[in-house]
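The values are calculated or read from the model by the stated rules, or taken from the named source; none is laboratory data. All figures in this text were calculated on a predicted structure; none of them were measured in a lab. Here the Cβ positions follow ideal geometry from the backbone for every residue, glycine too, while neighbour counts run over all protein chains shown.
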Amino acid sequence: MTPAPDTARPGRALPILEVVVAVFFFALTPSLAAKAAQDGASYEALTLARFAVGAAVLLPWLAIAGRLPRLDLRLAGIVGITGLIYAQESYSYLKALDFIPVGLTVLIFYLHPLVVSAWTRFVDGQPVPPVRVLWQIVALAGVILATGAAPDGAHPLGIAFAAAAAVGVAVGIVLGGRMTREFGAAAYAGLSFGVAAPIMLLAGQSTGTLVWPAETLGWLWMGGACVTFLIGILLFFHALHRLDAVSATIVANLEPLFAIAIAWAVLGERLTPTQSLGAAIVMAAIILSGLFPRKGLSPAVNTP
């Protein structure tokens with residue numbers, strides 16, 4: 001059997017770079033959203049906005065370009081499920097922050113690489129080299145140090161919501177990798193956002209949690225958060241054409257490190273020695289993981 005194109009080491013450089021750039025934009029999004037929140041916007045409104053803007057940008061463009069796939073029953077079911085997953089993951093992450101500290105929320109959320117490995121091994125039936133799981137655990141340990149996560153204030157509901165977010169994003173990554181190979185990253189994201197946006201709208205209206213910015217500057221910050229989220233999503237799923245989900249999620253551990261660096265650059269926050277050590281551990285785990293052969297792993301998409 002001819003190996004998948006991405007098994008050649010030179011072919012991995014570009015998709016890995018795409019994931020790095022994608023997680024940078026993901027890390028930038030919360031800072032912009034926080035600026036909008038300072039102007040009165042709720043996080044529920046911000047979450048709705050990023051899905052609505054993504055759908056409003058991508059769907060018309062795809063239709064004009066003739067790249068919008070025909071919405072048959074199968075595709076409708078897929079984007080319906082992934083739209084629900086997007087909405088569930090975003091809502092669960094936000095709710096976790098109501099009960100537990102941000103650092104602990106990030107720690108639990110970044111269990112998702114291990115969930116992806118478990119899915120790859122037990123659902124897809126692809127063997128995951130033990131060394132890759134080892135580096136995922138090492139990277140998670142670095143995230144613990146870098147975020148300063150601690151068990152203090154570990155409310156059971158907060159833990160449950162953060163765990164639900166981790167599972168949601170892991171399933172979204174696996175399904176997204178498959179569907180982008182078949183339909184393209186833009187089509188998959190646009191259709192999924194088109195489902196997630198009305199779900200968040202109905203949820204926000206029913207709970208009265210949709211609060212928008214009070215000033216023009218707040219709207220600009222919100223718009224920036226929507227743009228960075230959209231760029232991150234498109235780059236991440238485009239990378240999954242040639243990169244397996246396990247490798248992609250290991251590299252995604254860079255996101256909290258980028259978030260810390262952005263806070264240092266924008267807000268003047270300083271890295272503690274412990275955070276610096278955690279950042280070094282994550283970087284080492286990602287680099288060392290890429291040095292080993294990926295026996296048994298194929299791109300996130302399984303095609304006949």
Exclusive hit being within 25 Å of Asp39 (Cβ to Cβ), part of a helix (DSSP H, G or I) and more than 15 Å from the chain's Cα centre (by Cα), set Gly218, Gly232: Gly218
One residue from Gly148, Gly184, Gly168, Gly142 being touching a residue at least 40 places away in the same chain (Cβ under 8 Å), over 25 Å from Arg70 (Cα atoms) and surrounded by fewer than 20 Cβ atoms within 10 Å (Cβ to Cβ): Gly148
Among the residues of the range 51-72, write down those that are surrounded by fewer than 22 Cβ atoms within 10 Å (Cβ to Cβ), of a type in the set (A, V, I, L, M, F, W, C) and part of a helix (DSSP H, G or I). Ala52, Val53, Ala56, Val57, Leu59, Trp61, Leu62, Ala63, Ile64, Ala65
Checked Ala52, Ala37 against criteria (modelled with pLDDT under 85 and aliphatic (A, V, I, L, M)); the one match is Ala37
Is there a residue being at pLDDT 85 or above, in a loop (DSSP other than H, G, I, E, B) and farther than 26 Å from Leu191 by Cβ anywhere in the range 12-34? no
Within the group Ala139, Ala160, Ala203, which residue is of a type outside the set (Lys, Arg) and within 30 Å of Arg242 (Cα to Cα)? Ala139
Check Gly190, Gly232, Gly194 and return the single one that is in contact (Cβ under 8 Å) with a residue 60 or more places away in the chain and within 26 Å of Asp98 (Cα to Cα). Gly232
Search result, residues across the range 73-102 that are more than 22 Å from Val171 (Cα to Cα) and either surrounded by 18 or more Cβ atoms within 10 Å (Cβ to Cβ) or modelled with pLDDT of 80 or more (or both): Phe99, Ile100, Pro101
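Are any of the residues in the range 212-219 within 18 Å of Thr29 (Cβ to Cβ) and crowded, with 18+ Cβ neighbours inside 10 Å?
Restricting attention to the range 212-219, the residues satisfying the condition of being within 18 Å of Thr29 (Cβ to Cβ) are 212-213, 217-219.
This time we only want the ones that are crowded, with 18+ Cβ neighbours inside 10 Å, so: 213, 218.
Yes, the conditions are met somewhere in the range 212-219.
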Taking Leu114 as the residue in question, decide whether it is within 17 Å of the chain's Cα centre (by Cα) and either assigned to a loop (DSSP other than H, G, I, E, B) or of a type in the set (A, V, I, L, M, F, W, C) (or both). yes
